[in-house]
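Written below as structure tokens is the structure these notes are about.
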Amino acid sequence: MKNNQELAKDVAAAIKWEPIMSGTDIHVTAIDGVVTLTGFVDGNLKKYKAEDVAKSIVGVKAVVEHIQLKFANDDEKGDDAIALEIIKALKADVQVPHDRIKIRVENGWVTLEGELPWNFEKQAAAAAIRPIEGIKVFTNSIRIQPDSPDEIEQEAIQRALRRSSAMDDQDIHVYVTENNVTLNGVVNSYFQKDEAERITWNAPGVRTVKNELSIDLKN
């Protein structure tokens, strides 16, 4: 296993390897697989990219993101301009039912609200507005309200997890209570933890997923 210094060095190198992160100054520390990112960037897209890259590195169990946005005064946009760009971005994404989403912008703080039947639509809405400059804080408060009243089939989720090559031989237990799913067990990487949750969200009728999977790098 990597020691703390090696892990921090790998994460920092991977972040700098991304073209979009060129010229950024991100400081990385690691303690027992928990990676903390600090520093300043000039856009939310770079914040998300740094976090996503850190999660993908072997040995990372969790990521704490304390990166701050720092704009030059001339680059700051007004709330009206930000809101108009968000509306345009949501309408342009075919995965997003934009007419079911409400937008609030206050001093660069963007909040998306409303109810959607699928989690992938909620995530697509978030991804659509990530490149928009001027967003200082983003809160995705969209709730999942499935259109289908069907009960969630626990065994169907378990079969879907077993079909995935990424989940091969992983010790994952699925618990269903009404429209809520809890994942429990052990996986070998951050990627597997996220992938298990993504697969679970694909089950019809899921309203919430509680991901309690732990990461065991020795497994």
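Computed values, structure above
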{"item": "Projected area, mean over directions - the range 79-144, Cα convex hull, nm²", "result": "3.7"}
{"item": "Global size of the range 4-69 as Cα Rg and Dmax, reported in angstrom", "result": "10.5, 30"}
{"item": "For the chain, calculated [θ]222 nm from helices alone, where every DSSP H run of n ≥ 4 adds -39500 (n - 2.57)", "result": "-10500 deg cm²/dmol"}
{"item": "Fully extended contour minus Cα-Cα distance, from T38 to V137, at 0.36 nm per residue", "result": "34.1 nm"}
{"item": "More than 18 angstrom apart: percent of Cα pairs within the range 153-219", "result": "26"}
{"item": "Theoretical gain in end-to-end length, V186 to T111 [0.36 nm per residue, Cα-Cα removed]", "result": "23.7 nm"}
{"item": "Value of relative contact order over the chain, rounded to a whole percent, pairs C-alpha under 8 Å and six or more apart", "result": "16"}
{"item": "Antiparallel DSSP beta bridges within the chain, percent to nearest 5", "result": "50"}
{"item": "Of N180, T139, V41, farthest towards positive along the dipole that unit charges on Lys, Arg, Asp, Glu beta carbons give the chain", "result": "V41"}
{"item": "Length released on extending from E65 to Q5, taking residue separation times 0.36 nm less the Cα-Cα span", "result": "19.8 nm"}
{"item": "Projected label distance in nm at L217 and S22, using a 7 Å step from Cα toward the beta-carbon", "result": "3.1"}
{"item": "Space enclosed by the convex hull of the alpha-carbon atoms of the chain, per residue, Å³", "result": "130"}
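Each reported figure results from applying straightforward, stated rules to the coordinates on display, with no laboratory input. Small disclaimer: the values here were computed from a predicted structure and weren't measured. Cβ coordinates were reconstructed from backbone atoms using ideal geometry, including for glycine residues, and neighbour counts include every protein chain displayed.
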